[in-house]
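*Asks:* Below are the structure tokens for one structure; questions will follow.
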């Protein structure tokens with residue numbers, strides 16, 4: 001026989017589920033603008049039925065006992081999560097390269113009235129004026145001043161390139177430390193999630209946010225274990241980074257020696273360092289060829305060349321003007337001419353412009369791909385106020401109906417208990 005209070009139990013369970021659903025909907029609405037928040041939902045199912053005797057002889061029927069809450073879970077799509085991480089890694093790599101190429105364009109500063117190309121033209125014009133007036137002291141002084149101006153521009157560019165390379169090295173070291181910090185925080189959250197249970201939704205949101213920040217720095221694969229913890233490894237070679245609470249930190253030496261193993265911003269910084277080094281070497285070659293075409297000697301003196309420098313072991317930072325040279329005569333070029341050196345510099349500028357434009361386009365393309373993937377993910381995991389408001393009304397009606405069931409059962413029990421005996 002069914003318990004007299006069966007209806008109360010049914011209503012109570014309905015009230016519990018309705019209350020939990022309304023509270024969860026309120027949580028979603030409150031966090032509609034919270035970065036990294038995943039929409040939550042109440043998962044419920046019919047509670048086990050009771051066997052009762054029916055008019056079918058030995059056969060029994062089953063009477064429902066209401067509803068029960070199975071779990072309150074986040075709405076996530078792990079495949080979209082991985083796509084977002086992949087796009088973030090590629091975008092982080094290209095952004096690092098684009099930033100460096102933008103800096104290089106600023107350093108080269110072409111086309112410009114104060115750049116290296118203008119300084120080359122200025123010295124060329126000064127030589128032409130001196131050729132027209134070989135005995136003019138003022139024309140000789142102009143040649144030397146134009147040569148000094150050329151050196152000042154070239155050495156300033158070289159110094160800026162040294163600073164850029166130093167900054168890139170420092171950024172790489174800081175990025176490694178940042179990545180290790182994320183790995184430690186993820187391991188700590190793994191520990192908390194395993195301790196508190198696999199339905200620790202807020203902790204999981206925080207962990208996923210950290211994983212996405214980490215994916216901008218390096219390319220990672222994520223595997224969720226049965227106990228709710230994450231195992232994180234490098235996508236390139238499956239090297240373990242986080243296993244439960246254990247962390248395998250990366251080192252700056254690894255990031256420098258094998259940058260492509262990591263991908264992301266770390267690889268982009270290393271590629272940027274190589275790019276800066278390449279352009280500095282090309283600049284040094286252009287300057288060496290140009291000064292040799294205009295006359296360079298290892299020592300100063302009246303009968304020596306316009307520039308002082310070591311042709312065999314040329315260092316741009318040690319290049320000087322021979323102010324003692326008198327009379328000045330432009331030496332015949334034994335290698336490349338001044339025009340050849342200027343042509344090489346124009347090629348350098350054109351190549352830099354093309355690389356910078358390519359990086360800009362790549363950043364734009366990958367940003368668009370990341371945004372499109374993020375939009376798809378938000379359609380699954382994000383909070384829609386319209387949907388939550390509709391759910392709120394639905395759960396409110398459900399709660400009211402369950403409350404009405406309790407009131408009706410109470411009235412029935414009142415009739416049985418208090419009125420049947422009168």
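The values are calculated or read from the model by the stated rules, or taken from the named source; none is laboratory data. Computed from a prediction, not measured in an experiment: that's the story for all the values here. Heads up, the Cβs are rebuilt from the backbone with ideal geometry, glycines too, and the neighbour counts pull from every protein chain shown.
*Asks:* What is the one condition in (1) closer than 19 Å to residue 76 by Cβ; (2) in contact with a helix residue (DSSP H, G or I) (Cβ under 7 Å, 6 or more places away or on another chain) that residue 198 does not satisfy?
*Replies:* (2)
*Asks:* Another question about this same structure. I'd like the full set of residues that are in contact with a strand residue (DSSP E or B) (Cβ under 9 Å, 6 or more places away or on another chain) and surrounded by fewer than 17 Cβ atoms within 10 Å (Cβ to Cβ), limited to region 256-302.
*Replies:* Result: 298, 299, 300.
*Asks:* Specify the residue that is surrounded by the most Cβ atoms within 10 Å (Cβ to Cβ); the eligible residues are those in region 329-348 that are modelled with pLDDT of 80 or more and more than 16 Å from residue 282 (Cβ to Cβ).
*Replies:* 338
*Asks:* Now a separate question. Any residue that is under 44 Å from the mean Cα position of the chain (by Cα), over 30 Å from residue 97 (Cα atoms) and either part of a loop (DSSP other than H, G, I, E, B) or modelled with pLDDT of 95 or more (or both) - is there at least one of those in region 361-382?
*Replies:* yes
*Asks:* Which numbered condition trips up residue 406, out of (1) at pLDDT below 95; (2) over 30 Å from residue 12 (Cα atoms)?
*Replies:* Going through (1) at pLDDT below 95; (2) over 30 Å from residue 12 (Cα atoms) one by one, residue 406 breaks only (2).
*Asks:* Do the conditions hold for residue 186, that is, is it touching a strand residue (DSSP E or B) at 6+ places or on another chain (Cβ under 7 Å), outside the structural domain of residue 70 (by TED's automatic domain parsing), under 20 Å from residue 338 (Cβ atoms) and modelled with pLDDT of 90 or more?
*Replies:* Answer is no for this residue.
*Asks:* Within region 249-289, which residues are free of Cβ contacts under 8 Å to residues at least 12 places away in the same chain and either within 16 Å of the chain's Cα centre (by Cα) or not in a helix (DSSP H, G or I) (or both)?
*Replies:* Residue satisfying the conditions is 258 alone.
*Asks:* Let me ask something else. Condition test on residue 211, is it under 17 Å from the mean Cα position of the chain (by Cα), closer than 18 Å to residue 374 by Cβ, in contact (Cβ under 8 Å) with a residue 40 or more places away in the chain and assigned to a strand (DSSP E or B)?
*Replies:* Judged against the criteria, residue 211 is not a match.
*Asks:* Within region 379-387, can one find any residue that is touching a strand residue (DSSP E or B) at 6+ places or on another chain (Cβ under 8 Å) and surrounded by 13 or more Cβ atoms within 10 Å (Cβ to Cβ)?
*Replies:* Yes, because at least one residue in region 379-387 is touching a strand residue (DSSP E or B) at 6+ places or on another chain (Cβ under 8 Å) and surrounded by 13 or more Cβ atoms within 10 Å (Cβ to Cβ).
*Asks:* Moving on. Collect the residues in region 130-179 that are closer than 30 Å to residue 223 by Cα and buried (at least 18 other Cβ atoms within 10 Å of the Cβ), keeping them in residue-number order.
*Replies:* 171, 172, 175, 176, 179
*Asks:* How many residues are exposed (fewer than 15 other Cβ atoms within 10 Å of the Cβ), out of contact with any strand residue (DSSP E or B) (no Cβ under 9 Å at 6 or more places or on another chain) and either at pLDDT below 90 or not in a helix (DSSP H, G or I) (or both) when one looks only at region 1-35?
*Replies:* Number satisfying all stated conditions: 6.
*Asks:* Something else about it: Mind telling me which of the residues 45, 38 ends up being surrounded by 14 or more Cβ atoms within 10 Å (Cβ to Cβ), closer than 23 Å to residue 228 by Cα and at pLDDT below 95?
*Replies:* 38
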